[in-house]
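Engineer: Have a look at this one.
The values are calculated or read from the model by the stated rules, or taken from the named source; none is laboratory data. Bear in mind that the values here come from a model prediction, so they are computed numbers and not experimental data. Here the Cβ positions follow ideal geometry from the backbone for every residue, glycine too, while neighbour counts run over all protein chains shown.
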């Protein structure tokens, strides 16, 4: 799922990238600037990067660890890496809680400081 998410990001497909989030206000995104609820609001945060002229770095994930918490519930810890050419412009931890919804895993809680 993370590899597919990174591919969507890298090809500039915000709709596909956002489809990895669980629908509804239950979904949360914790950043260094605060807490956001609802994928529509999370999308607003990402949209400027995908707009014409926006800075859109290449996304990848490293050191992915998966911890099954319950049937259809996973906790995933990884490092996200944003690159521009041969340079890393941002790197940090991400902690995701994923639920199986409509036959696929989706992010319900995203902690990407």
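Engineer: How many residues, within the stretch 36-64, are loosely packed, with under 12 Cβ neighbours inside 10 Å and in contact with a helix residue (DSSP H, G or I) (Cβ under 7 Å, 6 or more places away or on another chain)?
Structural biologist: Total meeting the criteria: 2.
Engineer: Kindly evaluate residue 78 against the criterion of being within 15 Å of the chain's Cα centre (by Cα) and either over 14 Å from residue 2 (Cβ atoms) or not in a strand (DSSP E or B) (or both).
Structural biologist: no
Engineer: For the structure I just gave you, tell me whether residue 83 is at pLDDT 90 or above, more than 12 Å from the chain's Cα centre (by Cα) and surrounded by 11 or more Cβ atoms within 10 Å (Cβ to Cβ).
Structural biologist: Answer is yes for this residue.
Engineer: What pairs come up if the first residue lies in the stretch 37-48 and is farther than 19 Å from residue 82 by Cα, the second is modelled with pLDDT under 95 and outside any helix (DSSP H, G or I), and their beta carbons are under 6 Å apart, counting only those six or more places apart or on different chains?
Structural biologist: From the stretch 37-48, the pairs are 37/25; 38/25.
Engineer: Identify, from the list 110, 38, the residue that is modelled with pLDDT of 95 or more and at positive phi.
Structural biologist: 38
Engineer: Quick check, is residue 69 modelled with pLDDT of 95 or more and crowded, with 16+ Cβ neighbours inside 10 Å?
Structural biologist: When the stated conditions are applied, residue 69 does not pass them.
Engineer: In addition: Suppose we filter 25, 44 for residues that are more than 11 Å from the chain's Cα centre (by Cα), closer than 17 Å to residue 112 by Cβ and not in a strand (DSSP E or B); which single one remains?
Structural biologist: 44
Engineer: Let me ask something else. So the check is Cβ under 8 Å with 6+ separation or different chains; which pairs have a first residue in the stretch 95-106 that's on the phi < 0 side of the Ramachandran plot and a second one that's loosely packed, with under 13 Cβ neighbours inside 10 Å?
Structural biologist: 97/69; 99/72; 100/72
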